[in-house]
Amino acid sequence: MNTYLLLKTLHILSSVLLVGTGLGSAFYMFFANRSGSVEAQAVVSRLVVRADWWFTTPCIFIQPATGIAMAHIAGWPLSTPWLALSLGLYALAGLCWLPVVWLQMRMAALAHGAQTGTNTLPALYLHYQRRWELLGYPAFVAMAATYFLMVNKPALWG
């Protein structure tokens, strides 16, 4: 296997882990938050934080490293329109993800505290939950658009 194909394999696998973990985590957290079960929210939020550290975080670094290396090998300048837009959308998703991680950690701590104490979530949890969702939607759309650009490599401008 040549270097380009090895990088491409790593790039595809890490993209699947990145988006798959993100979508799966969002799905479970979204519905746990609507379950009315503090226990479910405590368990799911704790596991979502773990999934982000174990799977999402390494992939966040693997994606641009392998993508930029493949572009270099293929002779595509980073200013190539589909590639530049992909990188911009990836950065947008990352800017949404950073506060999401902080929110998830805070939500997990609040849910754990409620589970071991009053069994009632503080109002701050709902505030964090709304912010978490609002940041998740543009991050997901940005990643979906990035997938489209990477697969299709359309001529966009210039």
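The values are calculated or read from the model by the stated rules, or taken from the named source; none is laboratory data. The shown structure was predicted, so the numbers you read here are calculated from the model rather than taken from an experiment. No Cβ is skipped: glycine too gets one built from the backbone with ideal geometry, and neighbour counts run over all protein chains shown. Quick note on the areas: whole protein, heavy atoms, side chains included, nothing else; ligands and nucleic acids left out. Shrake-Rupley method; radii C 1.70, N 1.55, O 1.52, S 1.80 Å.
Look through Trp97, Trp82 and report the one residue that is over 30 Å from Arg46 (Cβ atoms) and either free of Cβ contacts under 8 Å to residues at least 24 places away in the same chain or not hydroxyl-bearing (Ser, Thr, Tyr) (or both). Walk me through it before giving the result.
Details: Trp97 fails: over 30 Å from Arg46 (Cβ atoms).
That would be Trp82, the only listed residue that is over 30 Å from Arg46 (Cβ atoms) and either free of Cβ contacts under 8 Å to residues at least 24 places away in the same chain or not hydroxyl-bearing (Ser, Thr, Tyr) (or both).
State which residue is surrounded by the fewest Cβ atoms within 10 Å (Cβ to Cβ) when the search covers only the stretch 113-158 and only residues that are without any contact (Cβ under 8 Å) to a residue 60 or more places away in the chain and among the basic types (Lys, Arg).
Once the filter is applied, the top-ranked residue is Arg130.
Report every pair of residues separated by at least 6 positions or lying on different chains whose Cβ atoms are under 7 Å apart, first residue within the stretch 10-22 and under 16 Å from Ala69 (Cα atoms), second open to solvent by 30 Å² or more (accessible area, probe 1.4 Å).
Leu10/Ile62; Ser14/Ile62
Mind checking which residues of the stretch 51-72 are of a type in the set (S, T, N, Q) and without any contact (Cβ under 8 Å) to a residue 12 or more places away in the chain? I'd like the intermediate steps shown before the answer.
Step one: filter the stretch 51-72 for residues of a type in the set (S, T, N, Q), giving 56-57, 63, 66.
Of everything in the stretch 51-72, just one residue is of a type in the set (S, T, N, Q) and without any contact (Cβ under 8 Å) to a residue 12 or more places away in the chain, namely Thr57.
Leu110 fails exactly one of the following numbered conditions: (1) without any contact (Cβ under 8 Å) to a residue 40 or more places away in the chain; (2) surrounded by fewer than 17 Cβ atoms within 10 Å (Cβ to Cβ). What is the number of that condition?
(2)
Taking the condition of being in a helix (DSSP H, G or I) and open to solvent by 70 Å² or more (accessible area, probe 1.4 Å), how many residues in the stretch 59-84 meet it?
Counting residues in the stretch 59-84 that are in a helix (DSSP H, G or I) and open to solvent by 70 Å² or more (accessible area, probe 1.4 Å) gives 4.
(1) closer than 30 Å to Gly117 by Cβ; (2) at pLDDT 95 or above; (3) open to solvent by 40 Å² or more (accessible area, probe 1.4 Å): which one isn't true of Gly36, the others all being true?
It is condition (2) that Gly36 fails.
Would you call Leu10 among the hydrophobic types (A, V, I, L, M, F, W, C), over 13 Å from the mean Cα position of the chain (by Cα), surrounded by fewer than 20 Cβ atoms within 10 Å (Cβ to Cβ) and within 20 Å of Ala144 (Cα to Cα)?
yes
List the number of the failed condition for Val44; all other conditions in (1) over 20 Å from Gly136 (Cβ atoms); (2) free of Cβ contacts under 8 Å to residues at least 40 places away in the same chain; (3) under 19 Å from the mean Cα position of the chain (by Cα) hold.
Against the list (1) over 20 Å from Gly136 (Cβ atoms); (2) free of Cβ contacts under 8 Å to residues at least 40 places away in the same chain; (3) under 19 Å from the mean Cα position of the chain (by Cα), Val44 comes up short only on (1).
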